[in-house]
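Trainee: Sending over a structure as structure tokens; questions will come in a sec.
The values are calculated or read from the model by the stated rules, or taken from the named source; none is laboratory data. If you're wondering where the values come from, they're calculated on a predicted model, not measured in any experiment. Counting neighbours? That spans all protein chains shown, and the Cβs are built from the backbone with ideal geometry, glycine included.
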Amino acid sequence: MHRTLALSAAVVLTALAPALASPSAASASPVSASPVSASAASASPTSASASAEERGPGEVCFWTEPGQHGSGWCYRPPGYADVPASHHDKTASFRSDANRSVYAIDWGRNGCHHRLIRPYDFSDNWSWGSRIDGVADTTMGCEAA
């Protein structure tokens, strides 16, 4: 039995070795290769936005429906990005897979406010999503909400 398990593990490692060793294969993986929609690409040159279905480590993703459902959009720090029109003041849930804090920004008539999103934080029914206009890795000089 030990020989069978060792042989099976060797077969798996042999099959995976080229994909694990090749930098081009790593960049082609679904986690790191994220298609960017036209609206997300125009959000900010300093942020990498991806579809929520293919979100990866380091991203904070937002959805238009509770429970991380509906239309998804992701932000990757650093920098500032406006949320797309589909999410502007209409975000219902989020999930952070980033190991750093980011801030949801609300550009109101009487100044701006921020809401801290902690590393690996999430909300399936996010009331602050009715205010979100952008996301940044700093408070952007806004007051805490």
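Trainee: Report yes if G72 is touching an Asp or Glu at 6+ places or on another chain (Cβ under 6 Å), modelled with pLDDT of 95 or more, more than 12 Å from V135 (Cα to Cα) and small (G, A, S), otherwise no.
Mentor: Numbers: touching an Asp or Glu at 6+ places or on another chain (Cβ under 6 Å): no; modelled with pLDDT of 95 or more: yes; more than 12 Å from V135 (Cα to Cα): yes; small (G, A, S): yes.
For G72, the condition - touching an Asp or Glu at 6+ places or on another chain (Cβ under 6 Å), modelled with pLDDT of 95 or more, more than 12 Å from V135 (Cα to Cα) and small (G, A, S) - is not met.
Trainee: Would you confirm whether or not the range 121-140 contains a residue that is at pLDDT 95 or above, basic (K, R) and part of a strand (DSSP E or B)? Don't jump to the end; show me each part of the working.
Mentor: As a first pass, look at the range 121-140 and keep what is at pLDDT 95 or above: 121-140.
If we keep only those that are basic (K, R) too, we end up with 131.
Now narrow it down to the ones that are part of a strand (DSSP E or B): none.
Scanning the range 121-140 turns up no residue that is at pLDDT 95 or above, basic (K, R) and part of a strand (DSSP E or B).
Trainee: Something else: Find all pairs meeting these conditions: Cβ atoms under 6 angstrom apart; at least six residues apart or on different chains; first residue within the range 60-80 and of a type in the set (D, E, K, R); second residue modelled with pLDDT under 95 and assigned to a strand (DSSP E or B).
Mentor: Matching pairs, first to second residue: none at all.
Trainee: Related question: Of everything in the range 109-130 that's in contact with a Ser or Thr (Cβ under 9 Å, 6 or more places away or on another chain) and of a type in the set (D, E, K, R), which residue is nearest to G141 (Cα to Cα)?
Mentor: Ranking the candidates gives R118 first.
Trainee: Still on this model: Report yes if some residue within the range 118-130 is in contact with a Pro (Cβ under 6 Å, 6 or more places away or on another chain), more than 23 Å from G67 (Cα to Cα) and in the same structural domain as P84 (by TED's automatic domain parsing); otherwise report no. Explain how you work it out, then say what you get.
Mentor: Within the range 118-130, the subset in contact with a Pro (Cβ under 6 Å, 6 or more places away or on another chain) is 124-125.
Imposing the further condition that a residue be more than 23 Å from G67 (Cα to Cα) reduces the set to none.
Looking for residues that are in contact with a Pro (Cβ under 6 Å, 6 or more places away or on another chain), more than 23 Å from G67 (Cα to Cα) and in the same structural domain as P84 (by TED's automatic domain parsing), one finds none in the range 118-130, hence no.
Trainee: One residue is enough: does the range 49-65 have a residue meeting the conditions aliphatic (A, V, I, L, M), at pLDDT below 95 and farther than 16 Å from T139 by Cα? Quick ask: steps written out before the conclusion?
Mentor: Quick first cut of the range 49-65, residues aliphatic (A, V, I, L, M) only: 50, 52, 60.
Now drop any that are not at pLDDT below 95, which leaves 50, 52.
When the remaining residues are screened for being farther than 16 Å from T139 by Cα, the result is 50, 52.
Within the range 49-65 (the criterion being aliphatic (A, V, I, L, M), at pLDDT below 95 and farther than 16 Å from T139 by Cα), the answer is yes, since at least one residue qualifies.
Trainee: Say we look at the range 80-102 and pick out the residues that are surrounded by 15 or more Cβ atoms within 10 Å (Cβ to Cβ) and basic (K, R); which of these is farthest from D124 (Cα to Cα)?
Mentor: Quick first cut of the range 80-102, residues surrounded by 15 or more Cβ atoms within 10 Å (Cβ to Cβ) only: 80-84, 86-87, 90-98, 101-102.
Checking which are basic (K, R) leaves us with 90, 95.
Details: K90: 14, R95: 8 Å.
Out of the qualifying residues, it is K90.
Trainee: Shifting gears a bit: Which of (1) farther than 15 Å from Y80 by Cβ; (2) surrounded by 15 or more Cβ atoms within 10 Å (Cβ to Cβ) does R118 not meet, given it meets every other one?
Mentor: Failed condition: (2).
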